[in-house]
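The structure under discussion appears below in the form of structure tokens.
The values are calculated or read from the model by the stated rules, or taken from the named source; none is laboratory data. Just so it is clear, the structure is predicted and the values come from calculations on it, not from any experiment. Here the Cβ positions follow ideal geometry from the backbone for every residue, glycine too, while neighbour counts run over all protein chains shown.
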Amino acid sequence: MSGTSLDGIDVAIIDITGSGFRAKINVLTSHSVPYPRKIREALLAISNASAHTGDISRLNFLLGELYSEALEETAERAEIPLETIKLIGCHGQTIFHEGQGAQYLGKKVASTLQIGESSVISERTGIDVISNFRERDMAAGGKGAPLVPYLDYMLMRHRGRGRVAVNIGGIANLTAIPPNTNTDRVIAFDTGPGNMVIDQLVSRITQGRQTYDRDGAIAAVGDLDVKLLAKLLRDKYFRAKPPKTAGREQYGSEFVSKLLDTELSSEDLIATATALTAESIAAAVRNFVLPEMRVDEIFVSGGGTHNPTMMRMLRKAMGEIPVKESTEVGLDVDAKEAIAFAVMAYETAHCRPSNVPMATGAKRPVVLGKLTQNGAPAPRNGAANGTTNGTAMNGSARNGSATAIHKPKAARPTKVSRQPVAAKAKAAAR
Ligand SMILES: Nc1ncnc2c1ncn2[C@@H]1O[C@H](COP(=O)(O)OP(=O)(O)O)[C@@H](O)[C@H]1O
Ligand SMILES: [Mg+2]
């Protein structure tokens, strides 16, 4: 998986058995590989930008190579032989996403584009690949996002507790799951900016020497500007009713240029941008979740969890509601989205739908993604046939990810945290 932050590739390798929300997963390993600076810059230049089609085409193939290498590196570190991996789910890197139809050449068109050529990945690894997860949901009338609520519901639903999963990537999003419910009452949407505005401010202020506010250190010494924050929070996106999706379109360079035009010091600006993320998440919970359900706890994941200043602001904004990290339900904060695409690829390989229509607005549940077969003549363990194992390469909230399904003969890392949690989640759901 690779998310809108353009920070790199997240890979998770999982074992998975069973089906649908009752599937059992066991995360064998996860690992993130940062994009080299030149790649990040090249991706930024083709993300929601006027770009040469040649660059898009080349980057599509180049990312296929990088995803393959990231998977190989991850498997090698964990001593998982590649041959034991049976399926890859690769979200790819989103370079354009317009979930809501817009007038174009006389017709209303919604579209999305993730790159990272699946043929290259399959050829390099010898493994089947599921990619292009978002298109089918959009063809069915959905916004193509968010897709991760599938995993959130699968692992976090609880008989007695109302839970909210928040992911703070480039964009921040939430999945709210009322106690003891099916997916029809799940609420999911993008709350607004996550780290994207902060990252761009830091990059532009430091002229590229730093790409993010490491450990929230800059924001910690700034004073937030209450007036500017209030003005930013009045934006109509925050008032719009869900489902809704956000992206670089709203919070890209234009938005950041306007912030830089203010007279504020760099520290105050970054503190205010950090508060914008925390406050807009809290406002989303207050305005769109609490009127519908009780919220007993919030589980946060994504790179934003590594920013203590942001987490402190979020805890303060949430008041009484405990704000925890997703690790408390067994989901590594950096691997959650990669795991989600591994699970969805597995569902797709079994011709089962994995969009959550309540989250995306799709007319119906659909089987997501496209299969690129390796076509190896050797007999493979059918996925239906025992334990399978998935790898996910991220792209996240708007993301890139891969699932690999592997035969269990491999020397497996010792006991993995995922299984008890999945079991617990299942037990709780019953
Ligand atoms: N130590 C840290 N301190 C502050 N921010 C961090 C830290 N580590 C990661 N981040 C933030 O998290 C972002 C990456 O988050 P991620 O969840 O991967 O987003 P995406 O899914 O959009 O790729 C980085 O761009 C950065 O802003
Ligand atoms: Mg990322």
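Report whether or not Ser57 is within 21 Å of Gly170 (Cα to Cα), of a type in the set (S, T, N, Q) and either surrounded by 14 or more Cβ atoms within 10 Å (Cβ to Cβ) or out of contact with any Ser or Thr (no Cβ under 9 Å at 6 or more places or on another chain) (or both).
So Ser57 does not fit the description; no.
Does any residue of region 134-151 turn out to be among the hydrophobic types (A, V, I, L, M, F, W, C), more than 16 Å from ligand 1 (Cβ to nearest atom), not in a loop (DSSP other than H, G, I, E, B) and not assigned by TED's automatic domain parsing to the domain that holds Phe288?
Yes, region 134-151 has at least one match.
Please report, ordered by residue number, the helices (runs of 4 or more DSSP H) entirely within region 294-405 with at least 2 residues that are modelled with pLDDT under 95.
In region 294-405, the matching helices (runs of 4 or more DSSP H) lie at 357-360.
Looking only at region 17-59, filter to residues that are within 16 Å of Asp332 (Cα to Cα) and not small (Gly, Ala, Ser); which one of those is farthest from ligand 2 (Cβ to nearest atom)?
Here the answer is Asn26.
Go through region 16-25 and give me each residue that's buried (at least 24 other Cβ atoms within 10 Å of the Cβ) and out of contact with any Gly (no Cβ under 6 Å at 6 or more places or on another chain).
Within region 16-25, just Ile25 meets the criteria.
Pick from region 164-207 the residues that are surrounded by fewer than 22 Cβ atoms within 10 Å (Cβ to Cβ) and either without any contact (Cβ under 8 Å) to a residue 12 or more places away in the chain or within 16 Å of ligand 2 (Cβ to nearest atom) (or both): which of them is farthest from Glu41 (Cα to Cα)?
Checking each candidate, the answer is Asn182.
Pick out the one residue from Pro322, Pro365 that is in the same structural domain as Val285 (by TED's automatic domain parsing) and free of Cβ contacts under 8 Å to residues at least 60 places away in the same chain.
Pro322
Test Ile14 against the criterion of being over 27 Å from Gly192 (Cα atoms) and more than 16 Å from ligand 2 (Cβ to nearest atom), and give yes or no.
So Ile14 fits the description; yes.
Given the criterion under 21 Å from Thr372 (Cα atoms), in the same structural domain as Phe341 (by TED's automatic domain parsing), within 16 Å of ligand 2 (Cβ to nearest atom) and touching a residue at least 24 places away in the same chain (Cβ under 8 Å), identify the matching residue among Gly92, Gly64.
On inspection, the qualifying residue turns out to be Gly92.
Identify, from the list Asp215, Asp184, Asp199, the residue that is modelled with pLDDT under 95, in the same structural domain as Val300 (by TED's automatic domain parsing) and part of a helix (DSSP H, G or I).
Exactly one of Asp215, Asp184, Asp199 is modelled with pLDDT under 95, in the same structural domain as Val300 (by TED's automatic domain parsing) and part of a helix (DSSP H, G or I), namely Asp184.
Does Ile88 meet the test of being touching a helix residue (DSSP H, G or I) at 6+ places or on another chain (Cβ under 8 Å), at pLDDT 95 or above and part of a strand (DSSP E or B)?
Considered against the rule, which asks whether it is touching a helix residue (DSSP H, G or I) at 6+ places or on another chain (Cβ under 8 Å), at pLDDT 95 or above and part of a strand (DSSP E or B), Ile88 comes out as yes.
Mind listing whichever residues of region 1-31 are away from ligand 1 (no atom under 16 Å from the Cβ) and part of a loop (DSSP other than H, G, I, E, B)?
Gly18, Ser19, Ala23
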